[in-house]
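Shown next, in structure tokens, is the structure this report addresses.
The values are calculated or read from the model by the stated rules, or taken from the named source; none is laboratory data. Keep in mind that what you see is a predicted model, and the values were worked out from it rather than measured. Note: ideal-geometry Cβ built from the backbone for every residue, glycine included; neighbour counts use all protein chains shown.
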Amino acid sequence: MGSTERTRPLSRDAIKYIAMFTMLLNHIGNIFLSFGSPLWMLFINIGYFTAITMCYFLVEGYGYTRSKRRYALRLGLFALLSELPYCLAFSTGSALRFTGMNMMFTLLLCFFIILVLDKLQSPALKLAAVAGLTLISLFSDWGVFAPMFTVLFVWAKGDKQRIELSFILSMLFFGFYQYVGFSGALSTGKNIANTLAGMAGIALSGICIVYLYNGQRARRGRGFFKWFFYIFYPAHLLILGLMRVL
């Protein structure tokens, strides 16, 4: 690691803490705030920092982990633990409904995409497997986009210029989707502002990772941080879900 990276202020764990906080704001906005209000727009769009950040660290973590099998099992376990809290948080009314698969499940699919790209030799098989996993993601949080982020970061292979380009492409694709998706629900001015704010959430992740990330983990409490990040996801959804119902 070069001297420039060592002087950067943010560790992997610090960026993940930011991602957890922005995710919390996004979920509060989705569950409790009035659609289209200024605070809703702020909370929702700043939360777009989280998904692409998690995909980046998933790709990075895949390269570091000693056991791919245990990594996948952890994601699968917490995907199962998170599903009921996820549906509880995002159902409407008092009835519990299936609202899609949660982000942990999406990250598990993304893990399999990385595995496919790493292990399969045939380009045709790689393409078919990635396409199939991406189609499955349509039923989960951040479907299609999280697989796209993951494929871009695998392609980047840690190269700074490629990582920058991956963030730019992700921001543009998401901005287009955001604008089209809200074109019938928001006025043109609000839709443009909402689109730019959503793109800014992804751009903020890129700034943190490309320019502020020092490539290191926190010096202390690594075991705590590792499990806290996993536990926080279902725990905060359960609390928000109970608050919504009560």
(request) Taking only region 51-83 into account, find how many residues are without any contact (Cβ under 8 Å) to a residue 60 or more places away in the chain and either under 11 Å from residue 237 (Cβ atoms) or among the β-branched types (Val, Ile, Thr) (or both). (result) 2
(request) List every residue pair whose Cβ atoms lie under 8 Å apart, where the two residues are 6 or more positions apart in sequence or sit on different chains, the first residue falls within region 118-133 and is on the phi < 0 side of the Ramachandran plot, and the second residue, located anywhere, is assigned to a loop (DSSP other than H, G, I, E, B). (result) 126/120; 129/120
(request) Report, by residue number, each residue of region 109-147 that is of a type in the set (A, V, I, L, M), under 12 Å from the mean Cα position of the chain (by Cα) and surrounded by 22 or more Cβ atoms within 10 Å (Cβ to Cβ). (result) 146
(request) Give region 156-210 a look and list any residue that's over 24 Å from residue 18 (Cα atoms) and in contact (Cβ under 8 Å) with a residue 60 or more places away in the chain, or say none. (result) 185, 186, 190
(request) Have a look at 33, 39, 96, 25 and point out the one that is at pLDDT below 95 and either polar (S, T, N, Q) or closer than 23 Å to residue 241 by Cβ (or both). (result) 96
(message) Just to be sure before I move on: is residue 185 of a type in the set (A, V, I, L, M) and assigned to a loop (DSSP other than H, G, I, E, B) in the structure I sent?
(response) yes
(message) Among (1) without any contact (Cβ under 8 Å) to a residue 24 or more places away in the chain; (2) over 30 Å from residue 34 (Cα atoms); (3) not in a helix (DSSP H, G or I), there is one condition residue 216 misses while meeting the rest; what is its number?
(response) (1)
(request) Identify, from the list 232, 224, 228, the residue that is closer than 20 Å to residue 146 by Cβ, among the hydrophobic types (A, V, I, L, M, F, W, C) and in a helix (DSSP H, G or I). (result) 232
(request) With respect to residue 163, determine if the residue is under 17 Å from the mean Cα position of the chain (by Cα), over 29 Å from residue 87 (Cβ atoms) and crowded, with 18+ Cβ neighbours inside 10 Å. (result) yes
(message) If the requirement is being β-branched (Val, Ile, Thr), modelled with pLDDT under 95 and within 28 Å of residue 211 (Cα to Cα), which of these qualifies: 106, 7?
(response) 7
